[in-house]
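The values are calculated or read from the model by the stated rules, or taken from the named source; none is laboratory data. Everything numeric in this text was worked out from a predicted model, so none of it was measured. Cβ atoms come from the backbone with ideal geometry, glycine included; neighbour counts cover every protein chain shown. Calculation scope for accessible area: heavy atoms of the full protein, side chains included, ligands and nucleic acids excluded. Shrake-Rupley method; radii C 1.70, N 1.55, O 1.52, S 1.80 Å.
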Amino acid sequence: MTKKIRREKRSGQKIIALIFVFLSVFCIVFFAARGKFTAPASSHTLMLILSPFQSVVSWAGERIGHVTSTVQDLMTVHEQNAQLKAEIEQLRAQNLEASESAAENQRLRALLGYKESAKQFDLLAARVIGRESATWSSMIVINRGTADGLTADMAVVTELGLVGHVSEVGLNSSKVQLILDPRSSVGTLVQRPESRVLGIVEGDLNNPTMPRMVNIPKDADVQVGDVIVTSGFGGVYPKGIVVGHVKEVKNDEGGLLKYGVIDTTVNFQKLEDLAIIVVSREAPPAPLQTPPADAAAAPSQ
């Protein structure tokens, strides 16, 4: 019973001592914060006892400050990364826009150069705004119409060569039939002076990207690499516009004729800007003359 009393007495003393220590720490901190506390010489022992607690409190404060600073730094870095990503996306969009503008300027400069060199034509610049899904390689839509002075059957070109002709005209847009269309028919000839063979370029269903020059006599002088230009016959296409060059020469099924596979100078898959020949001052070619009947019937000498 006595031992129990002694233990309880010691526990009470410990509690009182702890309360005293905490009160002392509180007082020291409070008065030191206000600048009014001066420790007397007799309190050195107490300060020595409290120094481990002060060290723990100081270390904990430093750790908490370090963690807080680290969290703030991480939040700042996260915000900076988000801002940098937004700036990168903005710069990327500006770069794409600048590249697109540069490509457009290059195309328009080339078209303008052709307009200045082709003095025999009055050209109207236009842009491709659509393609018919059913006739992707045969028909395009441009952003010019009757409001711009367009009429049907006007020839359409680029600085590289012949594109086709205006087939339907609306107020602010028109349809252009390409020379790749199997329904298209362009009077052409071989540009080489030694040849000057006439033919007709039309689209090929079996080869949508390369038209054919047909109606060529089997013994006609047509060679791979020959440049093909418009002949001017038919009244739609002025004479001398480049169509392409001969990639292959093949015999027709009938055996009496042959045809040339034409690699066009215009890349129709990348067609964006073009020009319409509104007025042509090119003199039309002289009509073909048939020999007189009496001359044809006259016996040879």
Look at N215 and say whether it is open to solvent by 10 Å² or more (accessible area, probe 1.4 Å), on the phi > 0 side of the Ramachandran plot and in contact (Cβ under 8 Å) with a residue 40 or more places away in the chain.
-> yes
Exactly one of V236, V246, V222 is in contact with an Asp or Glu (Cβ under 6 Å, 6 or more places away or on another chain), in a loop (DSSP other than H, G, I, E, B) and under 17 Å from E202 (Cβ atoms), and that one is V236
Which residue pairs have Cβ atoms under 6 Å apart, sit 6 or more places apart or on different chains, and have a first residue in the stretch 88-100 that is open to solvent by 100 Å² or more (accessible area, probe 1.4 Å) and a second that is modelled with pLDDT of 75 or more and of a type outside the set (G, A, S)?
-> none
Test L205 against the stated conditions and say whether it is of a type in the set (A, V, I, L, M, F, W, C) and open to solvent by less than 30 Å² (accessible area, probe 1.4 Å).
-> no
If you check L180 against the conditions, is it crowded, with 21+ Cβ neighbours inside 10 Å and in a loop (DSSP other than H, G, I, E, B)?
-> yes
Consider T188 carefully, then state whether it is out of contact with any Asp or Glu (no Cβ under 8 Å at 6 or more places or on another chain) and open to solvent by 70 Å² or more (accessible area, probe 1.4 Å).
-> no
Top-ranked residue in the stretch 262-301 [being charged (D, E, K, R) and assigned to a loop (DSSP other than H, G, I, E, B); ranked as modelled with the lowest pLDDT] = E282
If we keep only residues of the stretch 234-253 that are at pLDDT below 95 and acidic (D, E), then the residue farthest from A118 (Cα to Cα) is E253
The residue that is most open to solvent (accessible area, probe 1.4 Å), considering only those in the stretch 134-165 that are touching a residue at least 40 places away in the same chain (Cβ under 8 Å), more than 25 Å from S117 (Cα to Cα) and in a strand (DSSP E or B), is M139
Considering each of E168, E194 in turn, give the residue that is more than 14 Å from L271 (Cα to Cα), open to solvent by 50 Å² or more (accessible area, probe 1.4 Å) and in a strand (DSSP E or B).
-> E168
